[in-house]
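K.L.:
Starting off with a structure, shown below.
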Amino acid sequence: MKKPYILISLILLILPGINQLHAQTFYLSPSGNNANAGTPEQPLSSLNAAVSKARELRIKGELDKPVEIIALGGEYFMMQPLELNSDDSGTEGSPLIIRSEPGKKAVFRGGINVTGFEKVNETLWRAYIPNVALYDYYFEQLYVNGKRATRARTPDKGFFQVKGVSETIIDKGEGRSPEAAVQKIFLDSADASCFNTFRQQDYADALVTFYHNWDNTRKHIFHFSSKESAIFTAGEGMKPWNPINNKSRWFADNFMGALDTPGEWFLERSGYLYYIPEKGQTTANTIFTIPVIKEFVVIKGTREKPVRNVRFENLDLEVAAYHTPSQGNEPAQAAAPVSAVITLDNAENIIFTGCEISHTGTYAFWFRRNVENCTVQRCYMHDLGAGGVKIGETIIREDSAEVTSHITVDNNIIRDAGHVFPCAVGIIIFNASDNRITHNEIADLRYSGISAGWVWGYAYSPSKRNKIEFNHIHHLGWGELCDMGGVYTLGASEGTTVSNNVIHHVYSFDYGGWGLYTDEGSYGIVEENNLVYRCKNSGFHQHYGKGNIIRNNIFALNIRAQLQATRIEEHKSITFTNNIVYFDQGTLLSSNWHKFNLSSDYNCYYNPVSGISFAGQSFDEWKKSGKDVHSVIADPLFIDPASSDFHLKKLTVAKKIGFKPFDYSQAGVYGDEEWKKLAAFDPRLAAEFDSTVERLESIYLRPAFLPDKVFPFTVIAY
């Protein structure tokens, strides 16, 4: 017979295992160990290990309450992304929740710190990273004291201009652009002098990035002709609708000869990382971080068994890599092929709330194939290699059941993006329907803020009933790319609404800095209650489309024009009613607005400094053409438009045209004051943007942009 104390000891040894078997909470700690049980006293160290524990628990039987993975405060190094499959699904009553410890910050970092820097001289440091040479780990991003550092480039800021391009087609193929070609790109001899110092390895590693209209092309150079000041690139043929030409600009980076400015870095294939320190930096007070992984979270179910009912709360995910393919990057609108650090396929009811995504080489989120009823809410996305959120696929699936739908992107901050791919978008809906993009703060991008639709022309598009509402979209373009909009749409979009957004400070390089932009084939869209001001080319532009309703908006103080339309079609293109248009420079109308088949009435137009021309016609002549019969030229009585206060002092004029005041202060993020304060735009960046606009306007303003004919008018007082 065994003694009682032996039995008690055995029971005490077994009980922790029994308790953990039935536990529904697992803990992580930076000092944990994946061999542990996952208790608060014996935490795990990685998300994948914790998910594996949760998976085992769920396989053993039905659960009646949430299964939680709690990451204790601290910093975690992610050696691999978190991967969830169909077996990791929760249920409505027992979801899987992955969150930070309440009140603490759990930071999951996909990068490591580099130490061992030594001074080559007083203006140059270096550190040896053996993995670069041993394992061919050649990274392309570096973060110094938590900020993205500049890879050695020329020119240090801005761009050089292309002089001309010729192309030799190797294989034309069957598509609209050649499958293989060589481009000979002629440069100014002074600009091209940087290539005189190229070493053999530089041809393999250096990149030339071209900015052409709405696209970027990133290519390696395989030959330089000093005699002709020309570089040669190869790959696919240029797109005939947007080739590199003498309007294009370029810069080159990632070669030793360009390392000449404080804050720049360069990595040799030998493993030596070089850095020019900025003022005040020492080897002791400077932390260098390099990315190791490319993704943070991969959620991939199957068509028959999607991943369901998973929630991520208050996690910080930062530092992920992008590696340029050997052939470089061909141009692609919106950086459409570029991946994301969080990707979902075949998933339902996945929620991300209170998370921070930063220091990436790609997009933040991609709700890609067959994803439904998912949410990104109150997340902070910044310092991004591409854009913020992608929804749907760029192809149209034969089975409509696989179209992604019902994704909510609400109350997020998305800014400081496009560092690797400037043509990326803040939020883009490809082929996807019934999505809600609401109350987001989107700023400091080089291309469009929100884009919806991915079919050019009037062919079938699955992108229906998307709601783009109450977003604050501003400080886009920075004079670097063209053909952009605060909100950009494409194709058949029946049921889509663009309303209650505030859009301002959109400035393109050449053409196409618009606030609201209904591009090729956009139709079935209602755009109302939007405030659009201080955009370059016009507040609203329709390239071509049909049946779009533009009503009860304010278009104010846009630079070159206020309203623009391009392609003339037989059907009715626009209904434009109950809008207020206020401007003090440029023209009222641009391109073919006056020739468009549109219904325009009950609008208010006003220029406080001069008369108004309706494309060369007086207001009376314009009315005789059947347009704006009941519209007025009158001061709408804004409180202080010069200071961007477009509230109305009185409603007399508004009532005359049926304009219904809307509270545009509701656009943007909502919640506690700390969150709103975080969303506030840096006034130094705003001043820099204004300075950029002023400089470029002084260079590029041409007589063609001035009013064609000005008529005196009488202000009607109501």
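The values are calculated or read from the model by the stated rules, or taken from the named source; none is laboratory data. All values derive from a computational prediction rather than experimental measurement. All Cβ positions, glycine included, derive from the backbone under ideal geometry; neighbour counts span all protein chains shown. With ligands, DNA and RNA removed, areas are computed over all heavy atoms of the protein, side chains included. Shrake-Rupley method; radii C 1.70, N 1.55, O 1.52, S 1.80 Å.
K.L.:
Checking Ser538 against (1) farther than 24 Å from Ser618 by Cβ; (2) small (Gly, Ala, Ser); (3) within 26 Å of the chain's Cα centre (by Cα): exactly one of these is not met. Which one?
P.N.:
Condition not satisfied by Ser538: (1).
K.L.:
A follow-up question, please. Can you tell me which residue is most open to solvent (accessible area, probe 1.4 Å) among those in the stretch 82-136 that are in a strand (DSSP E or B) and among the hydroxyl-bearing types (Ser, Thr, Tyr)?
P.N.:
Tyr128
K.L.:
With a cut-off of at least 1 residues that are among the acidic types (Asp, Glu) and open to solvent by less than 50 Å² (accessible area, probe 1.4 Å), name the strands (runs of 3 or more DSSP E) lying wholly within the stretch 297-341.
P.N.:
Output list reads 307-313, 315-318.
K.L.:
Kindly indicate whether Lys294 is open to solvent by 10 Å² or more (accessible area, probe 1.4 Å), closer than 27 Å to Glu75 by Cα and in contact (Cβ under 8 Å) with a residue 40 or more places away in the chain.
P.N.:
Values: open to solvent by 10 Å² or more (accessible area, probe 1.4 Å): yes; closer than 27 Å to Glu75 by Cα: yes; in contact (Cβ under 8 Å) with a residue 40 or more places away in the chain: yes.
So Lys294 fits the description; yes.
K.L.:
Scan the stretch 494-516 for residues that are in contact (Cβ under 8 Å) with a residue 40 or more places away in the chain and either acidic (Asp, Glu) or touching a His at 6+ places or on another chain (Cβ under 6 Å) (or both) and jot them down.
P.N.:
Val502, His504, His505, Asp510, Trp514
K.L.:
Assuming Asn466 fulfils every condition listed in (1) at pLDDT 95 or above; (2) surrounded by fewer than 23 Cβ atoms within 10 Å (Cβ to Cβ) apart from one, which condition is it?
P.N.:
(2)
K.L.:
Okay, moving on. Scan the stretch 125-146 for residues that are more than 14 Å from Tyr272 (Cα to Cα) and of a type outside the set (Phe, Trp, Tyr) and jot them down.
P.N.:
Gln141, Val144, Asn145, Gly146
K.L.:
Between a residue in the stretch 398-414 that is under 23 Å from His472 (Cα atoms) and open to solvent by 20 Å² or more (accessible area, probe 1.4 Å) and any residue that is at pLDDT 95 or above and among the charged types (D, E, K, R), which pairs come within a Cβ distance under 6 Å, given they are 6 or more apart or on different chains?
P.N.:
His406/Glu372; His406/Asp434; Thr408/Arg436
Okay, residues lined up against (1) of a type in the set (Val, Ile, Thr); (2) at pLDDT below 95; (3) over 32 Å from the mean Cα position of the chain (by Cα):
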residue: Lys105; (1), (2), (3): no, yes, no
residue: Val120; (1), (2), (3): yes, no, yes
residue: Tyr128; (1), (2), (3): no, no, yes
residue: Asp205; (1), (2), (3): no, no, no
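K.L.:
Name the residues in the stretch 617-646 that are open to solvent by less than 40 Å² (accessible area, probe 1.4 Å) and either in contact with a Gly (Cβ under 8 Å, 6 or more places away or on another chain) or touching a residue at least 40 places away in the same chain (Cβ under 8 Å) (or both), would you?
P.N.:
Ser618, Phe619, Val632, Ile633, Ala634, Pro636, Phe638, Pro641, Ser644, Phe646, listed by residue number.
K.L.:
Determine whether Glu330 is more than 18 Å from the chain's Cα centre (by Cα) and within 19 Å of Thr404 (Cα to Cα). Break it down into steps so the answer makes sense when it comes.
P.N.:
Working: more than 18 Å from the chain's Cα centre (by Cα): yes; within 19 Å of Thr404 (Cα to Cα): no.
In short, no.
K.L.:
State whether the residues of the stretch 441-452 include one that is farther than 25 Å from Asp672 by Cβ, more than 17 Å from the chain's Cα centre (by Cα) and surrounded by 24 or more Cβ atoms within 10 Å (Cβ to Cβ).
P.N.:
no
K.L.:
For the stretch 596-687, which fully contained strands (runs of 3 or more DSSP E) count at least 2 residues that are over 30 Å from Arg436 (Cα atoms) and in contact with a strand residue (DSSP E or B) (Cβ under 6 Å, 6 or more places away or on another chain)? I'd like the intermediate steps shown before the answer.
P.N.:
Working: elements: 598-601, 604-606, 638-640, 645-648.
Answer list for the stretch 596-687: 604-606, 638-640.
K.L.:
Sticking with this one: Kindly list the number of the only condition in (1) hydrophobic (A, V, I, L, M, F, W, C); (2) touching a residue at least 40 places away in the same chain (Cβ under 8 Å); (3) out of contact with any Leu (no Cβ under 7 Å at 6 or more places or on another chain); (4) not in a loop (DSSP other than H, G, I, E, B) that fails for Ile559.
P.N.:
(4) is the only condition that Ile559 fails.
K.L.:
I'm trying to understand the selection: among the residues of the stretch 342-393, which are surrounded by 24 or more Cβ atoms within 10 Å (Cβ to Cβ), in a loop (DSSP other than H, G, I, E, B) and either in contact with a Cys (Cβ under 6 Å, 6 or more places away or on another chain) or at positive phi (or both)?
P.N.:
Hits for the stretch 342-393 are Cys355, His359, Cys379, Gly392.
K.L.:
Okay, next question. Restricting attention to the stretch 481-501, which residues are under 17 Å from the mean Cα position of the chain (by Cα) and either farther than 24 Å from Ala561 by Cβ or in a strand (DSSP E or B) (or both)?
P.N.:
Matches in the stretch 481-501: Met484, Gly485, Gly486, Val487, Tyr488, Thr489.
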